[in-house]
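**Student:** Please see the structure below; I have some questions.
The values are calculated or read from the model by the stated rules, or taken from the named source; none is laboratory data. Computed from a predicted model, the values in this text were never measured in an experiment. Note that we place each Cβ from the backbone using ideal geometry, even for glycine, and neighbour counts take in every protein chain shown.
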Amino acid sequence: MSDLFHCDSDPGNRPGRYAPSPTGRLHLGNLRTALLAWKAARDRGAPFLVRIEDVDSGRSREEWVEVQLQELRLIGIDWDGEPVRQYDRHGHYRDALQKLESQGLLYECFCTRAEIREAASAPHGELPEGAYPGTCRDLTEAEREDKRAAGRPPALRVRSGGATVGFEDHICGTVEKLLDDFVVRRNDGDFAYNLAVTVDDADQGIGEVVRGADLLDTTPRQLWLYDRLGLEAPARFSHVPLMLGEDGERLAKRHGAITLEEKLASGMTADEVRDQLLTSL
Ligand code: GLU
């Protein structure tokens with residue numbers, strides 16, 4: 001089965017958004033992505049929303065929420081309404097899981113990370129390296145009972161049926177991905193990013209998703225979810241280049257001043273940082 005989504009159309013005045021995870025200070029690459037998302041929305045006269053992606057309860061910290069919002073304000077970004085918190089939206093994610101469940105699209109997966117790594121390193125037809133090979137897809141109810149009794153909490157995966165999902169990214173062009181059975185609820189009980197982001201972008205009526213190119217690969221999974229959940233997908237996805245250090249590697253501490261705070265401490269103004277970021281592409 002191959003699904004091609006033609007989602008490179010005009011988002012009109014449907015909102016744009018930036019969705020930081022409160023796991024630390026935003027670095028300059030995050031701020032550049034945020035500026036591009038904000039500018040794209042404002043240039044077409046659309047609302048701009050900020051959503052706090054604190055769905056990963058182990059890594060999210062309350063103290064970073066206000067720090068990140070302040071960094072966004074300092075760099076000149078404004079937004080409409082109060083930022084939405086994923087923490088407040090668990091009921092919506094549960095409803096979405098229910099919808100998938102009622103279509104027979106979910107199964108429990110008891111594999112540990114190590115087991116998945118091992119199984120995924122063996123060749124499995126066309127599936128890309130690291131993809132989940134479907135170990136728990138066809139467990140019998142008795143086998144599942146055994147695993148539950150052994151005390152392993154299950155994650156929930158979708159039956160993607162080996163679908164290939166393609167779409168037209170506004171910046172990166174055609175992207176195609178053979179889906180594996182990806183996780184929608186983790187075995188620690190947290191909802192997975194792909195589920196939450198799909199439900200949220202749909203509920204907020206997002207017209208254009210502007211985000212870092214490191215997430216390009218996640219979009220086919222989300223498009224599959226939009227389709228199965230009967231939700232309207234954003235009109236356009238624009239995955240912007242990641243900011244790299246001078247050595248061409250992904251921005252990291254060893255590259256020197258990589259946060260707004262460090263740039264301000266070095267004597268630059270926030271406006272100068274912003275101008276530098278916007279001309280750095
Ligand atoms: N929360 C993600 C991040 O901070 C961004 C997700 C998205 O924009 O879809 O990298």
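**Student:** Residues in the range 128-150 that are closer than 21 Å to Lys177 by Cβ, surrounded by 13 or more Cβ atoms within 10 Å (Cβ to Cβ) and touching a helix residue (DSSP H, G or I) at 6+ places or on another chain (Cβ under 8 Å): how many?
**Tutor:** The qualifying residues number 4.
**Student:** Still on this structure: For the range 54-75, how many residues meet the condition of being over 20 Å from the mean Cα position of the chain (by Cα) and closer than 17 Å to Arg17 by Cβ?
**Tutor:** Result for the range 54-75: 3.
**Student:** For the range 131-152, what are the residues that are under 29 Å from the mean Cα position of the chain (by Cα) and touching a residue at least 12 places away in the same chain (Cβ under 8 Å)?
**Tutor:** Residues of the range 131-152 under 29 Å from the mean Cα position of the chain (by Cα): 131-138, 152.
Ala131, Tyr132, Pro133, Gly134, Thr135, Cys136, Arg137, Arg152, listed by residue number.
**Student:** Output the helices (runs of 4 or more DSSP H) that fall wholly within the range 85-155 and possess 3 or more residues being more than 30 Å from Pro22 (Cβ to Cβ), or say none.
**Tutor:** Output list reads 113-121, 141-149.
**Student:** Which condition number in (1) modelled with pLDDT under 95; (2) surrounded by 20 or more Cβ atoms within 10 Å (Cβ to Cβ) is the one that Pro123 fails?
**Tutor:** (2)
**Student:** Let me ask you something else. Suppose we filter Ala163, Ala202, Ala155 for residues that are within 16 Å of the ligand (Cβ to nearest atom) and small (Gly, Ala, Ser); which single one remains?
**Tutor:** Working: Ala163 fails: within 16 Å of the ligand (Cβ to nearest atom); Ala155 fails: within 16 Å of the ligand (Cβ to nearest atom).
Step by step, each of Ala163, Ala202, Ala155 is checked, and only Ala202 is within 16 Å of the ligand (Cβ to nearest atom) and small (Gly, Ala, Ser).
**Student:** Here is a follow-up. Restricting the search to the range 10-59, which residues are aromatic (Phe, Trp, Tyr) and either within 27 Å of Gly91 (Cβ to Cβ) or in contact with a Pro (Cβ under 8 Å, 6 or more places away or on another chain) (or both)?
**Tutor:** Tyr18, Phe48
**Student:** Go through the range 166-199 and report how many residues are outside any loop (DSSP other than H, G, I, E, B) and either within 11 Å of the ligand (Cβ to nearest atom) or free of Cβ contacts under 8 Å to residues at least 40 places away in the same chain (or both).
**Tutor:** Of the residues in that region, 7 qualify.
**Student:** Consider only pairs whose beta carbons are under 9 Å apart and that are at least six residues apart or on different chains; among these, list those whose first residue lies in the range 38-66 and is polar (S, T, N, Q) and whose second residue is assigned to a helix (DSSP H, G or I).
**Tutor:** Hits for this filter: Ser57/Tyr87; Ser60/Gln86; Ser60/Tyr87.
**Student:** Looking at the range 217-261 only, could you name the residues that are farther than 29 Å from Asp275 by Cα and more than 16 Å from the ligand (Cβ to nearest atom)? Even if it seems obvious, please write down each step before you answer.
**Tutor:** Going through the range 217-261, the residues farther than 29 Å from Asp275 by Cα turn out to be 217-233.
Listed by number, the residues that qualify are Asp227, Arg228, Leu229, Gly230, Glu232.
**Student:** So is Asp214 modelled with pLDDT of 95 or more and within 16 Å of the ligand (Cβ to nearest atom) or not?
**Tutor:** yes
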